[in-house]
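Here the structure comes first, spelled out in structure tokens, and everything after it is commentary.
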Amino acid sequence: KQWYQRRVRGIMILIVFDFDHTIVDGNTDVKILDVLGTNKDSVKYDSKIGWTEHMKTIFFECSKYGVTKEEMVSVLKELKLTDGMKSLFDVIRKFKSMIKVVIASDSNTWFIEVLLDHYEIRDLIDEVHTNPAVWSGNLLEITPYEMNTDCTRCPVNMCKSKILGSVLSNDCFKVLYIGDGSNDLCPVINLKDKDIACPREGYRLCKLLKTSEDVKCTVLQWKNAQTIIECLVPHLE
């Protein structure tokens, strides 16, 4: 289920990141439509089939129109890091021996791999939990991360609370969860009072947390990841 996993010892803080609109300032699944040019208008989202099946359709269209892997890489690399995110990862690099970093995302393994390499931060990531995607000839084939039949808060292919539970360890004294979307609400609700949720200001998660009565953790809104740095560093020094 996970793209890769590194063994980490002596962990004190667990940081869980969403990817789209959190690490990267945009949505990889939406951005990739640019490779289709005027043909992208022919691909309509059908909520009955779900988002992962929708992405299968998009990748089939890319293959049909002869879109190359290199063209997809070029479009993805147009996405920038969110404001302050490079500085946050610089801090993570400085204190990496005290931090475990996990990505939990509804994007896919190939998109995330391309951009982590592009931003030169892949070596800082200990685990990536997302939808597997592999190339078969000129077709990018995506499959769901899991079949979620238990959690009604989360989409059918992924419950991020399950991911959070699987990556927690006894030597972790605090969790920072950094996200933006409605599928980040479930894990945030399951954080403890000593943990910190960092919803991106102006996005869906931030709005949901304002009306939720189930949240026990501290909530820290951010527009620039410098806000997260100012919260994180005192726990590391």
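The values are calculated or read from the model by the stated rules, or taken from the named source; none is laboratory data. Just so we're clear, the structure is a prediction, and the values are computed from it rather than from any experiment. Glycine gets a Cβ as well: all are built from the backbone with ideal geometry, and neighbour counts include every protein chain shown. Each accessible area value is taken on the protein alone, full model and side chains, heavy atoms only, with ligands, DNA and RNA left out. Shrake-Rupley method; radii C 1.70, N 1.55, O 1.52, S 1.80 Å.
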*asked:* Of everything in region 128-160, what is at pLDDT 95 or above and among the aromatic types (Phe, Trp, Tyr)? Give them in sequence order.
replied: Trp135
*asked:* What are the pairs with Cβ atoms under 7 angstrom where one residue, in region 45-70, is among the aliphatic types (A, V, I, L, M) and the other, located anywhere, is assigned to a loop (DSSP other than H, G, I, E, B)? Sequence gap at least six, or different chains.
replied: Ile58/Val43
_With the structure loaded, tell me whether Thr52 is at pLDDT 80 or above, part of a loop (DSSP other than H, G, I, E, B) and under 23 Å from Ser161 (Cβ atoms) or whether it fails that test._
no
*asked:* For the list (1) under 20 Å from Ser107 (Cβ atoms); (2) open to solvent by less than 30 Å² (accessible area, probe 1.4 Å); (3) not acidic (Asp, Glu), I need the number of the one condition that Ile228 fails.
replied: (1)
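Can you report the number of residues in region 72-82 which are surrounded by 15 or more Cβ atoms within 10 Å (Cβ to Cβ) and outside any strand (DSSP E or B)? Spell out the reasoning first.
Let us first name the residues in region 72-82 that are surrounded by 15 or more Cβ atoms within 10 Å (Cβ to Cβ), namely 72-73, 75-76, 79, 81-82.
From what is left, the residues that are outside any strand (DSSP E or B) are 72-73, 75-76, 79, 82.
Result for region 72-82: 6.
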*Those residues that are touching an Asp or Glu at 6+ places or on another chain (Cβ under 8 Å), open to solvent by 10 Å² or more (accessible area, probe 1.4 Å) and touching a residue at least 24 places away in the same chain (Cβ under 8 Å), I need them from region 88-126; list them, please.*
Lys100, Asp106
*Pairs only if they're at least six apart or on different chains, beta carbon under 7 angstrom, first in region 13-27 and touching a residue at least 40 places away in the same chain (Cβ under 8 Å) and closer than 15 Å to Glu113 by Cα, second open to solvent by 10 Å² or more (accessible area, probe 1.4 Å) and not in a loop (DSSP other than H, G, I, E, B); list them, first residue then second.*
Ile23/Leu81; Val24/Leu81
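Tell me which residues, restricted to region 163-200, are over 17 Å from Val215 (Cα atoms) and not hydrophobic (A, V, I, L, M, F, W, C).
Ser166, Ser169, Asn170, Asp171
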*Residues that are assigned to a loop (DSSP other than H, G, I, E, B) and without any contact (Cβ under 8 Å) to a residue 40 or more places away in the chain, drawn from region 142-174*: Met147, Asn148, Thr149, Asp150, Cys151, Thr152, Arg153, Cys154, Cys159, Asn170
*Quickly run through region 186-225 and pick out the residues that are in a loop (DSSP other than H, G, I, E, B) and open to solvent by less than 20 Å² (accessible area, probe 1.4 Å).*
Leu191, Asp195, Cys217, Ala225
*asked:* I'd like to check something: does region 172-181 contain any residue that is out of contact with any Asp or Glu (no Cβ under 7 Å at 6 or more places or on another chain), open to solvent by 40 Å² or more (accessible area, probe 1.4 Å) and modelled with pLDDT under 95?
replied: yes
